[in-house]
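Student: Right, I'll just put the structure down here and ask away after.
The values are calculated or read from the model by the stated rules, or taken from the named source; none is laboratory data. From a predicted model like this one, the values you see are computed outputs, not experimental measurements. Cβ sites come from the backbone with ideal geometry, for glycine too, and all protein chains shown count toward neighbours.
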Amino acid sequence: MDRPFVSGVLLMLLANDTITIVHHTETAAEDVYTCTVCVGVSWFGKRGMTASASGGLSPSIEYTVRIPEEVVPETLPKPGDIIVHGVLASYSGKSSLKGREYFTAFQVGDNRRAKLLPHLVVRSA
């Protein structure tokens, strides 16, 4: 089976999406939101079920984003950051996300030491 290679490294399949990482920094004077766009990432969402507070199950969507090492931003994503599918020029509150697909990062994994496909992985809850 043929596999795509660049400089001897296997390309991450379907890394053809764009995301914006919204990072919150709290200062003494104000809340600052920095938007960092990453082009060439893998965005994947799947439907599932989550336990609800009432003891039953409720539908949910679990997101996974993989950021290849070549496009990892200088400021790494952290749990609590908002990950938006596509380009978001600025963030001024939840109303900025209306009509967009997004999630809050729950887990961030650093797999950049891997020999094949070095990347960061960001997951929702």
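Student: Tell me, please, whether a residue that is in contact (Cβ under 8 Å) with a residue 60 or more places away in the chain and β-branched (Val, Ile, Thr) can be found in region 86-109.
Tutor: The answer is yes; a qualifying residue exists.
Student: Oh, and also: If you check 41, 32, which single one turns out to be free of Cβ contacts under 8 Å to residues at least 12 places away in the same chain and among the hydrophobic types (A, V, I, L, M, F, W, C)?
Tutor: None of the others qualify; the one that does is 32.
Residues checked against (1) farther than 17 Å from residue 18 by Cβ; (2) polar (S, T, N, Q); (3) in contact with a Gly (Cβ under 7 Å, 6 or more places away or on another chain):
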{"site": "45", "(1), (2), (3)": "no, no, no"}
{"site": "50", "(1), (2), (3)": "yes, yes, no"}
{"site": "59", "(1), (2), (3)": "yes, no, no"}
{"site": "91", "(1), (2), (3)": "no, no, no"}
{"site": "115", "(1), (2), (3)": "yes, no, no"}
{"site": "124", "(1), (2), (3)": "yes, yes, no"}
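Student: On the given criteria, is residue 120 assigned to a loop (DSSP other than H, G, I, E, B) and over 24 Å from residue 30 (Cβ atoms)?
Tutor: Judged against the criteria, residue 120 is not a match.
Student: Spot the failing condition for residue 104; the list is (1) exposed (fewer than 13 other Cβ atoms within 10 Å of the Cβ); (2) at pLDDT 95 or above, and only one is missed.
Tutor: Evaluating residue 104 over (1) exposed (fewer than 13 other Cβ atoms within 10 Å of the Cβ); (2) at pLDDT 95 or above leaves (1) as the failure.
Student: Name the single residue that is surrounded by the fewest Cβ atoms within 10 Å (Cβ to Cβ) among those in region 72-94 being modelled with pLDDT of 95 or more and outside any loop (DSSP other than H, G, I, E, B).
Tutor: 85
Results for (1) loosely packed, with under 12 Cβ neighbours inside 10 Å; (2) farther than 27 Å from residue 110 by Cα; (3) over 17 Å from the mean Cα position of the chain (by Cα); (4) among the charged types (D, E, K, R), shown as yes or no for each residue.
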residue: 22; (1), (2), (3), (4): no, no, no, no
residue: 39; (1), (2), (3), (4): yes, no, no, no
residue: 46; (1), (2), (3), (4): yes, no, no, yes
residue: 63; (1), (2), (3), (4): no, no, no, no
